[in-house]
Structure formats: C-alpha cells, structure tokens
Amino acid sequence: MSYQDEKMREAQEPVTGSAVMGEAPLEVKSPSLVLRAALSEDIPFCARALSAVLEGILDTGLAPLRERLGFTSLEELLSAALYEGSASLLSLRHMTVLSADGYFAGLLYAYAPEEGEALLPDFVSSLMDTDTRELISLLSGSLLPVRPGEKAFYVNTLYVAEGERGRRYGAALLSLARTRARALGFNTLMLHCFAGNTGALNFYRREGFELREEIFYAGEAATRFPEGGFYLVKSLEKTSDSAAGAESSSVEGRQSPGGSAC
C-alpha cells in the first residue's frame with residue numbers, strides 16, 4: 001500500500017469531531033482550519049501518518065514481528081497498536097489532528113516521557129528484537145539528555161501531509177506543542193531528528209531549537225543511518241526565543257542530503 005500523502009488525503013473521509021479547547025490561536029490563515037484531540041475514528045489517518053514518517057526507519061526492523069502477527073504492512077501493525085495502546089505512550093490521547101477544509105492535513109504526537117508508560121502495547125514490545133527496541137527507545141524520548149532543572153515535553157512526531165506543506169501548518173502544530181507544554185508545567189521542548197533530514201533540521205533551527213546531543217545508532221539502524229541524528233531542545237522560558245543561537249547554527253553545519261522523516 002502506498003503512503004503517498006496526496007493519495008492518503010484523497011482516500012480519507014472528511015474530518016469530524018470538536019476542536020481542541022483552550023489552545024493558543026493558530027498562526028496560519030485558513031477558512032476552515034481545525035485542531036482537535038484524536039478520536040478512535042482517526043486511527044486510520046494516524047497510522048498512515050506515522051507509517052509515512054517511519055517508512056525506511058522501523059519498517060524493516062519490525063517486519064519479522066509484523067509477519068509473525070499476521071499484518072501485511074507497518075500501517076496495519078500501527079493501527080492495531082493504537083487500538084490496543086490506551087495504556088501506553090503510543091496512544092491517541094497524546095495525539096492532535098489538524099484538518100484543513102474538512103480533510104486531514106497534519107498530526108502532532110507529543111507527551112511527557114517521564115510518565116513512566118511503556119511506549120508500545122505488550123503484544124508488540126515483548127516480540128521486538130534488541131536493536132529495534134533500542135532504536136524505538138531513542139525515537140520515543142526514553143533516553144532524553146535532560147539537564148538539572150529541566151522538565152522536558154517530547155515531540156515524537158510533527159507531520160504535515162505533503163500536499164499541505166508550505167502553509168505554516170508545521171509551525172502551528174509546534175506552537176500548539178509549546179502552549180500545551182507550558183500549560184502542563186514543562187519548561188523545555190525536546191525532539192529527535194535524523195542528521196540527514198535537512199529540511200526538518202532547517203525548520204527546527206528557524207523555530208529556535210538548538211543542538212543538545214548527537215546520537216549514533218546500533219545494529220541495522222547504524223547501517224541505514226550512518227550519520228546518526230540529534231536531540232534538539234528549545235527552552236520554553238520567555239527569554240529563549242531571542243537567544244536561539246550558536247548551537248542551532250552548528251546543526252545546520254552538520255547537515256547532509258537525504259531523509260524525510262524525523
């Protein structure tokens with residue numbers, strides 16, 4: 001099955017549900033832009049969006065598990081995990097969907113890793129090999145390089161459908177993450193990004209994120225991502241926006257071509 005964004009949008013039923021209440025106004029212009037908490041009816045879109053991000057990253061590592069469980073695609077495995085994942089970090093309660101003109105346009109998946117929840121439901125995590133489990137730990141924020149005094153809110157996935165990009169939807173979703181984090185008492189926003197994902201790195205640098213730690217992977221991931229990745233950080237203190245600085249510039253200097261997922 002193709003995960004091309006335009007095809008995904010064409011096949012998607014119009015979005016329904018209520019808008020998220022109490023969030024900051026969106027920094028975009030659209031006559032019918034809606035942000036709301038993900039519902040069970042959104043699982044097909046959320047699974048497709050996550051599959052589009054993770055394709056080429058976790059699909060190979062999860063293939064034996066997927067085949068053992070009888071799923072034909074990563075999307076099907078993620079759909080099942082979302083249906084079963086109410087007690088894990090891979091849960092709809094950590095996801096917000098963005099719709100434009102009645103169709104899905106983006107997804108924000110963010111949470112506090114220190115909540116102590118398992119990332120995946122037991123039926124998935126118990127069957128993963130060691131390398132895949134370690135990579136998922138890195139991607140999930142379980143190993144964040146948090147400094148004393150920091151309380152970090154983790155952006156696992158910020159996704160905008162390809163046909164909807166260039167409209168500041170990504171900035172709007174990131175603004176929502178900042179607002180939500182501050183409201184919950186967090187003072188830092190963190191995320192992971194692959195070193196080869198130059199587009200995402202440039203975007204996050206513009207949004208004031210700085211390099212915190214360079215990461216190198218093990219096993220198959222090291223072969224597929226030899227340049228490694230980064231943990232990026234943005235302080236949510238009011239003074240930080242004017243000081244986005246030298247380290248974020250160093251991220252730009254370390255970039256290399258290729259990659260589309262973060």
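The values are calculated or read from the model by the stated rules, or taken from the named source; none is laboratory data. Just so it is clear, the structure is predicted and the values come from calculations on it, not from any experiment. Cβ sites come from the backbone with ideal geometry, for glycine too, and all protein chains shown count toward neighbours. Side chains included, ligands, DNA and RNA excluded: accessible areas come from the protein's heavy atoms. Shrake-Rupley method; radii C 1.70, N 1.55, O 1.52, S 1.80 Å.
For the range 103-192, which fully contained helices (runs of 4 or more DSSP H) count at least 1 residues that are open to solvent by less than 70 Å² (accessible area, probe 1.4 Å) and farther than 20 Å from Leu35 by Cα? So that I can check it myself, show each step before the final result.
Values: elements: 122-125, 130-140, 169-183.
Answer list for the range 103-192: 122-125, 130-140.
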Selection within the range 224-254 - touching a Phe, Trp or Tyr at 6+ places or on another chain (Cβ under 9 Å), modelled with pLDDT of 50 or more and open to solvent by 20 Å² or more (accessible area, probe 1.4 Å): Arg224, Phe225, Pro226, Glu227
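For Tyr83, state whether it is touching a helix residue (DSSP H, G or I) at 6+ places or on another chain (Cβ under 6 Å), at pLDDT 75 or above and open to solvent by 60 Å² or more (accessible area, probe 1.4 Å). Give the derivation first.
Values: touching a helix residue (DSSP H, G or I) at 6+ places or on another chain (Cβ under 6 Å): no; at pLDDT 75 or above: yes; open to solvent by 60 Å² or more (accessible area, probe 1.4 Å): yes.
For Tyr83, the condition - touching a helix residue (DSSP H, G or I) at 6+ places or on another chain (Cβ under 6 Å), at pLDDT 75 or above and open to solvent by 60 Å² or more (accessible area, probe 1.4 Å) - is not met.
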Pairs, first under 19 Å from Thr188 (Cα atoms) and in contact (Cβ under 8 Å) with a residue 24 or more places away in the chain in the range 225-237, second among the basic types (Lys, Arg) and open to solvent by 40 Å² or more (accessible area, probe 1.4 Å), C-beta under 8 Å, six or more apart: Phe230/Arg212; Phe230/Arg254; Tyr231/Arg212; Leu232/Arg212; Val233/Arg212; Leu236/Arg182
Members of the range 136-156 that are over 19 Å from Leu69 (Cβ atoms), in contact (Cβ under 8 Å) with a residue 24 or more places away in the chain and of a type outside the set (Gly, Ala, Ser): Leu138, Leu139, Leu144, Pro145, Val146, Glu150, Lys151, Phe153, Tyr154, Val155, Asn156
Number of the exception - Leu173 against (1) touching a helix residue (DSSP H, G or I) at 6+ places or on another chain (Cβ under 9 Å); (2) within 26 Å of Glu84 (Cα to Cα); (3) among the aliphatic types (A, V, I, L, M): (1)
Residues satisfying the stated conditions in the range 193-216, i.e. surrounded by fewer than 20 Cβ atoms within 10 Å (Cβ to Cβ), closer than 20 Å to Leu135 by Cα and among the aromatic types (Phe, Trp, Tyr): Phe216
Scope the range 80-101; condition in a loop (DSSP other than H, G, I, E, B) and closer than 22 Å to Glu162 by Cα; matching residues: Asp101
Any hit, the range 122-135, residues being under 13 Å from the mean Cα position of the chain (by Cα) and hydrophobic (A, V, I, L, M, F, W, C): no
Check on Glu150, more than 16 Å from the chain's Cα centre (by Cα) and over 19 Å from Gly56 (Cβ atoms): yes
